[in-house]
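A.B. asks: Here's a structure for you.
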Amino acid sequence: MSPLAVALVTAALIALSAFFVAVEFASLAAKRHRLEDDAPTSRSARAALRSAGELTVLLAGAQLGITACTLALGAVTKPAVHHWLTPAFESWGAAPWLADVAGFVLALVVVTFLHLVVGEMAPKSWAIGHPESSATLLALPMRAFMWATRPLLRGLNEAANWCLRRVGVEPSGTLATGQNPDDLRHLVEHSANVGALDAAYSAQVTGALDLQTLTVADLTRPDPDPTAVPSGATAADVRAATRASGHLRVLVGARDDLVGVVHVRDTLLRGDDEHVDDLVRPVLTLDARTPVYEALAQMRESRQHLAVLRDAGRFAGVVTLDDLVARLFPRVAEVV
């Protein structure tokens with residue numbers, strides 16, 4: 001093969017290798033939601049999304065292409081370079097066996113360097129630095145390659161999955177990108193420690209993450225006696241309970257038999273001796289083990305600012321929206 005033909009084949013193989021490497025890293029780094037934003041107006045973005053839906057087949061295609069290019073370079077370029085270099089070393093006075101060894105080693109170094117730098121490292125850096133644009137640009141030609149080689153790719157993928165199952169690992173066809181609360185909490189704490197995130201905002205985000213595991217019982221203080229007046233209480237009783245406790249909402253009934261809640265403002269037009277039974281509103285009752293996020297949803301739906309907690313049918317405490325806000329937004333609670 002002529003030197004020009006070898007150079008052209010080598011350039012084509014390195015370019016193909018760079019293509020497959022870029023596809024591999026772009027498919028792993030691209031954010032799905034950004035591709036979805038472009039999908040309505042971009043055929044390439046839609047193709048990239050389809051590839052993301054069968055990631056293992058895509059990666060099998062990329063690995064197949066990279067491996068084929070590597071083998072082709074070893075079969076075409078390295079022997080040609082070796083053939084060119086050996087006479088040069090002999091002309092410099094090296095023994096034939098030494099010239100052959102030196103030519104082989106130098107040919108291996110040259111081909112490996114070109115393949116590693118131009119065919120792998122450069123496209124990898126480009127794909128990582130511009131994941132969505134590279135994934136979109138390369139999606140259509142990669143889909144064509146996958147269509148042409150799909151039976152082979154499926155066979156390779158099934159063989160790899162079979163190996164994984166033999167060692168107790170269940171294969172997955174999609175990229176696991178989700179973060180659990182512990183991972184997010186660690187990320188927030190690290191960002192705050194290095195100064196990338198303000199400590200106040202860090203506390204707010206951490207508080208929001210805690211809502212996934214906190215129950216309403218975790219927000220209540222061990223207070224055996226709620227702010228309450230007995231059934232049949234008067235307006236004066238309600239106002240006295242408010243002055244003593246500072247709470248605007250006063251429960252009505254016995255500790256384990258609370259019938260509702262009355263707001264002190266509703267008693268302002270009542271005489272001291274007038275009963276307030278007609279002012280009593282239903283009170284939201286929650287199990288003490290109710291998650292905080294579920295309690296928030298129920299309080300918002302029922303438009304209640306206060307909820308009574310029960311554990312095994314017995315009174316376990318009271319939680320208010322103020323308690324939830326103070327836990328989630330401590331900075332706001334301090335200002336208020």
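A short reminder: the numbers here are calculations on the coordinates, not readings from a lab. This one's a predicted model, so the numbers in the text were calculated from it and none came from an experiment. Positions of Cβ are generated from backbone atoms using ideal geometry, with glycine treated the same way; all protein chains shown enter the neighbour counts.
A.B. asks: I'd like the orientation of helix 292-302 relative to the chain: the angle between its Cα long axis and the longest Cα principal axis, in ° from 0 to 90, rounded to 10.
C.D. replies: 50 degrees
A.B. asks: Do any trypsin sites (Lys or Arg not before Pro) in segment 194-285 lie in a DSSP loop with no more than 12 other beta carbon atoms within 10 Å, and if so, which?
C.D. replies: Filter output for segment 194-285: Arg255.
A.B. asks: On the first, second and third principal axes, largest extent first, how far apart are the outermost C-alpha atoms of the chain in Å?
C.D. replies: That gives 120, 43, 42 Å along the principal axes, largest extent first.
A.B. asks: Which percent, nearest 5, of DSSP beta bridges in the chain are antiparallel? Present the calculation step by step, with values, prior to reporting the outcome.
C.D. replies: On the way: 15 of 21 bridges.
Expressed as a percentage, antiparallel bridges in the chain total about 70.
A.B. asks: A further question follows. Quick check on segment 229-323: take the gyration tensor over C-alpha atoms, sort the square-rooted eigenvalues as a ≥ b ≥ c, and tell me if it's rounded (a/c under 1.5), prolate or oblate. Walk me through the intermediate numbers first.
C.D. replies: Numbers: a/c = 2.28, a/b = 1.79, b/c = 1.27.
Prolate shape, in that a/c is at least 1.5 and a/b is the bigger ratio.
A.B. asks: Val259's amide H: which non-local residues (gap 5+, or another chain) put their own amide H closer than 5 Å, with H modeled 1.01 Å from N in plane and none for Pro or chain starts?
C.D. replies: Val252, Gly253, Ala254
A.B. asks: Tell me the angle of helix 235-245 to the major Cα principal axis of the chain, expressed in degrees between 0 and 90 and rounded to the nearest ten.
C.D. replies: Tilt relative to the chain: about 50 degrees.
A.B. asks: OK, next. Please check which bits of segment 106-122 a label hung off Trp84 would reach, taking the label as a point 7 Å along Cα-to-C-beta and the cut-off as backbone N under 13 Å.
C.D. replies: 107-108, 110-111
A.B. asks: Right, next: List the trypsin sites (Lys or Arg not before Pro) within segment 28-79 that fall in a DSSP loop (any state other than H, G, I, E or B) and whose Cβ has at most 15 other Cβ atoms within 10 Å.
C.D. replies: On the way: sites: Lys31, Arg32, Arg34, Arg43, Arg46, Arg50; in loops: Lys31.
Of the trypsin sites (Lys or Arg not before Pro), the ones in loops of segment 28-79 whose Cβ has at most 15 other Cβ atoms within 10 Å are Lys31.
A.B. asks: In addition: Subtracting the Cα-Cα distance from 0.36 nm times the residue separation, let me have the gained length for Ser245 to Asp257 in nm, one decimal. Please report the intermediate quantities before stating the final value.
C.D. replies: Working: separation 12, 0.36 × 12 = 4.32 nm, distance 2.04 nm.
Extra length from Ser245 to Asp257 when fully extended: 2.3 nm.
A.B. asks: Can you give the helix-only mean residue ellipticity at 222 nm for the chain, where every DSSP H stretch with n ≥ 4 adds -39500 (n - 2.57) and the sum goes over all residues, rounded to the nearest 500 deg cm²/dmol?
C.D. replies: One gets -19500 deg cm²/dmol as the mean residue ellipticity at 222 nm.
A.B. asks: Something else: From the gyration tensor of the Cα coordinates in segment 283-323, what semi-axes in whole Å does the equivalent ellipsoid have, largest first, with each one equal to sqrt(5λ)? List each step's numbers first, then the result.
C.D. replies: Numbers: eigenvalues 51, 20, 15 Å².
Ellipsoid half-lengths, sorted descending, are 16, 10, 9 Å.
A.B. asks: Can you give the FRET efficiency to the nearest 0.05 for Tyr293 and Ala160, using r as the Cβ-Cβ distance and R₀ = 41 Å?
C.D. replies: Numbers: r = 40 Å, r/R0 = 0.97.
After rounding, the FRET efficiency stands at 0.55.
A.B. asks: Using alpha carbon centroids, what distance separates segment 231-261 and segment 262-319, in Å?
C.D. replies: Between the Cα centres of segment 231-261 and segment 262-319 lies a distance of 11 Å.
A.B. asks: On full extension of the chain, what length is gained from Asp100 through Asp278, given 0.36 nm per residue of separation minus the C-alpha to C-alpha distance?
C.D. replies: On the way: separation 178, 0.36 × 178 = 64.08 nm, distance 10.58 nm.
Separation in residues times 0.36 nm, less the Cα-Cα distance, equals 53.5 nm.
A.B. asks: Magnitude of the Cβ-charge dipole of the chain, K/R +1 and D/E -1, about the Cα centre, nearest 20 debye?
C.D. replies: Computed charge dipole of the chain: roughly 1240 debye.
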